[in-house]
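Working notes for the structure below.
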Amino acid sequence: MAEETSTFLGVKVKTLATIGTVVLFAAASAAIIITVSVKSDDVVVEVPKNPGDAVWRWECIKGQCEKLPITDGDRDTALSLGACKMFCNEFGNMWPRPSRIELGNNLVHMNRNSFDILLQNTDGPAADLMRSAIRRFRTQLQSVIPPGATVTEGGRTVSINVNIRDNSYIALQLDTDESYTVELRTSSDGRLTGDIRAENFFGARNALETLIQFAIFDDIRSEIQMVGSLLVEDKPYYPYRGILLDTSRNFFSVDSIKRTLDAMAISKLNTFHWHITDSHSFSFVSKSNPNLSKLGAITPYKVYSAAQIIDIVRYGLERGIRVMPEFDAPAHVGEGWQGTNLTVCFRKEPWQEFCVEPPCGQFDVTKDALYDVLQGIYNDMFELFKPDIFHMGGDEVHNECWNSSAEIQNWMKDKGWGLEKQDFFKLWEYFQQKAQANVFKSNNGKKLPLILWTSTLTEFEHIDEYLSNEDYIIQIWTTGTDPEIAGLLNKGYRLIISNYDALYFDCGFGAWVGEGNNWCSPYIGWQKVYDNSPKQMAGAHGNLILGGEAALWAEQADTSNLDNRLWPRAGAMAERLWAEPNTTWRSAERRMLHYRERLVNMGVLADSLQPEWCYQNEGYCYA
C-alpha cells in the first residue's frame with residue numbers, strides 16, 4: 001500500500017504496511033501505535049520503546065487469533081495474545097457473557113500502583129462489604145501478572161467511582177436486583193476514569209468482577225494494560241445460581257470451601273448450598289445438641305464450628321454469595337444419632353432393601369421428642385447462617401425403612417391408617433408439617449421459602465395434597481426431560497434445576513459400591529453443562545424457574561480433588577444461568593478456555609480442557 005502521513009490521536013504517523021488485518025504505523029515521535037481491524041473497529045495498543053524478548057505475536061484474522069513469529073521489523077508493533085483475544089471476541093473474553101457491551105478499540109498501559117476505586121457513599125453496611133470487595137479486586141489485579149514476570153511499572157492512573165443507590169441493603173433475596181453498569185473512558189489528560197452504578201452492593205460487586213476482566217498482562221511489553229473505553233450493562237437471567245457441596249460423605253477443609261466461594265464469585269454464582277449432614281457423618285457442631293457431632297463426626301477434628309461457619313458465611317457475603325444450609329430429613333440420618341432412639345433402620349442390612357447407599361437411616365417421625373431436637377438444630381442453623389431460604393432435604397425416603405419398625409406400624413394403626421404407599425405419604429406429611437412449623441419458629445415465626453428435592457411425595461399428580469406451592473420450591477434432580485418438570489410447573493410450583501444428567505458432577509467415575517462405573521455415568525463434559533437450558537425445559541412457564549445448581553455429592557470427592565471436579569464445568573453452568581444464551585457451547589469455546597486460565601491464575605485448580613496449544617491457536621482443535 002502507499003505510504004501516507006496522518007495524525008492519529010494527536011500523533012503524526014506513517015502508514016507502513018497492511019499485514020492480514022493488522023495495520024502497522026510508524027510514528028514521528030517516540031511512541032508507536034498498533035491498530036488491529038476487528039469488525040470495522042480499530043484496536044490500538046500503546047507500545048514503549050523497549051519491547052521484551054517475546055518471540056510470538058498474534059493477529060486477529062477472520063475472527064480468530066493467529067500465532068505468528070515476531071521479526072525484527074515488527075517487534076515494536078507486535079500484538080500480544082491477551083490483546084488479540086480481548087478484541088477478537090464480541091464479548092471481550094467476559095465470562096459469563098454480559099447483557100450488553102460496547103468495547104472500545106484501545107488498550108493502554110495502566111499503573112497498578114495508582115488504581116483508585118472511590119466509594120461515593122462511605123456510610124452504611126454495604127460500604128464495609130464494598131471495601132472487602134475492593135481489596136479482593138486488588139488481589140485479582142496482581143494475579144493478572146504471570147508468575148516470574150517482570151513488570152514495567154508506570155503507566156496511566158485509574159480512578160473508578162462506585163455509586164450504590166441503597167447502601168443499607170446487604171441481604172441477598174430471590175428478588176434482589178444484581179444488575180450493574182460499568183463505564184470506562186480515557187480522559188483528555190490521559191487518565192483512565194470510570195463509573196460503577198448499581199442498585200445495591202451485590203450489583204456493584206458484580207461490576208468489579210467484570211472490570212477486572214478487562215485488564216491483561218502484555219507479555220511482549222511486560223506491562224499491565226486495560227481497555228481505554230468500555231460500557232457494560234448487565235444483569236442475570238435467573239435469580240438462583242448455585243453449587244451444592246456435600247461435606248458429609250467426605251470432609252472438606254474450610255480453605256477449600258473458601259476457594260470454592262472465590263471461584264463462584266469469579267463466575268457470578270450466588271448460592272452455596274451446604275449439604276452439611278447426612279447418614280455418613282454429622283460434622284455440624286450444634287450448640288443445642290453437641291453430642292451429635294461428638295458421636296457423628298468422622299474425627300474430632302473434622303467438624304465445622306460456629307466460628308468457622310460464621311467466617312464462611314461472611315466470606316461468601318463479601319463475594320455476593322448466600323451460604324444456605326440443608327438439613328436433610330426425614331431420611332439420610334444416622335451417624336451422630338446413636339443412643340437417641342429417634343431413628344430407625346440405621347445400618348440395617350441388607351442395606352439395598354432400606355436405602356440407596358450405606359449406611360441407611362431415617363427419623364422415627366412418630367416420636368414427639370424428635371421435634372424438640374429438630375427445633376434446637378434449626379435454631380442453631382438460623383443463628384449462624386441467617387438464611388433467606390432453607391433447604392429441608394426430603395429426598396430418598398424409603399417406606400420399607402419405616403415399615404421395618406413395629407413401633408411405627410402400631411402408631412400408624414392407632415391413627416386408623418394402613419401400611420400402604422398412601423399411608424406412608426400421610427406419615428411423611430405429618431413429619432413435614434411439624435418440621436415446617438419448627439423452621440418458621442426458628443425464623444422468628446416468619447415464613448421463608450423452603451426447598452425440597454423431587455421425591456415420591458412431590459410427584460405432580462398429588463403434590464398439592466401435601467405441599468403448598470406458596471411455601472415450597474422443588475429442586476429437580478431427575479433428568480432434564482422428566483415429565484415431572486412440566487407437571488410441577490403446570491401446578492404453579494417454582495423450580496430449581498439440578499438434573500443429574502447434566503449437573504451432577506460426581507458422575508462418570510468408578511463405582512464405590514459394586515463394579516464398573518458409578519450409577520450416573522458417563523462423565524459430563526462442560527459442553528453438555530453449557531447447553532443444559534432451564535428455559536427450554538420451562539416452556540411457557542419460564543417465570544417459575546428460579547435457576548439451577550450443580551451438585552457435587554462427595555462419595556468420591558474430598559479436599560484433594562474438589563477444584564477439578566467443579567471447575568471449570570460449573571462455570572459453563574454459570575454462563576447459562578446468568579445469560580441463558582440462545583447459542584450452544586461452540587460459540588463460547590474460546591472464552592471458556594480463557595475463563596479456565598483466569599481460574600488457575602486465581603489459585604483454583606481447575607481441570608484442564610485441552611492442550612495449551614489450543615488456547616494459543618484458536619480454531620484448530622474442535623472439529
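A few points about this structure:
- Charge context of residue 610, other residues only, Cβ under 13 angstrom, K/R +1, D/E -1: -3
- For the stretch 255-300, the set of trypsin sites (Lys or Arg not before Pro) satisfying both a DSSP loop assignment and a count of at most 15 other C-beta atoms within 10 Å is given as 287.
- Using 0.36 nm per residue and subtracting the Cα-Cα separation, the extra length available between residue 564 and residue 193 on full extension is 129.8 nm.
- FRET efficiency for residue 352 and residue 295, using Cβ-Cβ distance with R0 set to 35 Å, rounded to 0.05: 0.85
- Computed from the C-beta positions of residue 437 and residue 409 and an R0 of 35 Å, the FRET efficiency is 0.85 to the nearest 0.05.
- Dipole-positive endmost among 201, 411, 539 within the chain (Cβ charges, Cα centre): 201
- Gyration tensor verdict on the stretch 521-617 (Cα atoms; rounded if a/c is under 1.5, prolate if a/b is larger than b/c, oblate otherwise): oblate
- Dipole of the stretch 109-223 [Lys/Arg +1, Asp/Glu -1 at C-beta], most positive-end residue of 146, 176, 192: 146
- Across the stretch 516-532, rounded Karplus estimates of 3J(HN,Hα) from the backbone phi angles (6.51 cos²θ - 1.76 cosθ + 1.60, θ = phi - 60°) give x, 9, 5, 4, 10, 4, x, 4, 9, x, 4, 5, 5, 4, 5, 7, 7 Hz, Gly and Pro being marked x.
- Global form of the stretch 84-217, assessed from the alpha-carbon gyration tensor, a/c cut-off 1.5: prolate
- Listed by chain and number, the lysines whose alpha-carbon sits under 16 Å from that of residue 268, ignoring those within fewer than 8 places in the same chain, are 235, 258.
- The alpha-carbon of residue 287 sits under 19 angstrom from the alpha-carbons of these lysines, leaving out residues fewer than 8 places away in its chain: 302, 386, 441.
- Under the Debye formula (equal points on every Cα, no solvent term), log10 I(q)/I(0) of the stretch 381-528 at q = 0.12 Å⁻¹: -0.66
- Label point distance in nm, residue 372-residue 478, each placed 7 Å from Cα along Cα→Cβ: 4.0
- Size of electric dipole in the chain: Cβ of Lys, Arg +1 and of Asp, Glu -1, about Cα centre, debye, nearest 20: 1320
- Only lysines eight or more places from residue 62 in sequence, or on another chain, were considered; those with a Cα closer than 18 Å are 39, 85.
- A Cβ-based charge dipole, computed about the Cα centre of the stretch 93-235 with Lys and Arg at +1 and Asp and Glu at -1, lands at about 280 debye.
- You can think of it this way: the chain between residue 464 and residue 422 has 13.7 nm of extra reach, that is 0.36 nm per residue less the Cα-Cα gap.
- Residues 187, 283, 256, 229, arranged from fewest to most other Cβ atoms within 10 angstrom of their Cβ, appear as 187, 229, 256, 283.
- Comparing 300, 118, 440 along the charge dipole axis of the chain, the residue lying farthest to the positive side is 118, per the Cβ-charge model.
- Global size of the stretch 156-272 as Cα Rg and Dmax, reported in angstrom: 17.3, 59
- For the stretch 241-371, radius of gyration divided by Kirkwood radius, i.e. Rg to Rh on alpha-carbons: 1.01
- Per DSSP, loop chymotrypsin sites (Phe, Trp or Tyr not before Pro) in the stretch 552-623 with at most 14 further Cβ within 10 Å: 620, 622
- The helix-based estimate of mean residue ellipticity at 222 nm for the chain, built from -39,500 (n - 2.57) per DSSP H run of four or more residues and divided by its residue count, is -8500 deg cm²/dmol to the nearest 500.
- Computed log10 I(q)/I(0) for the stretch 515-568 at 0.20 Å⁻¹: -0.91, from the Debye equation with unit scatterers placed on every C-alpha and solvent omitted.
- The stretch 240-586, Rg to Rh (Cα coordinates; Rh as Kirkwood inverse mean 1/r): 0.94
Quick note: the coordinates plus some simple rules give every number you see, no bench work behind them. Every value quoted in this text rests on a predicted model; they were computed, and no experiment measured them. Don't worry about glycine lacking a Cβ; one is built from the backbone with ideal geometry, like all the others, and counts go over all protein chains shown.
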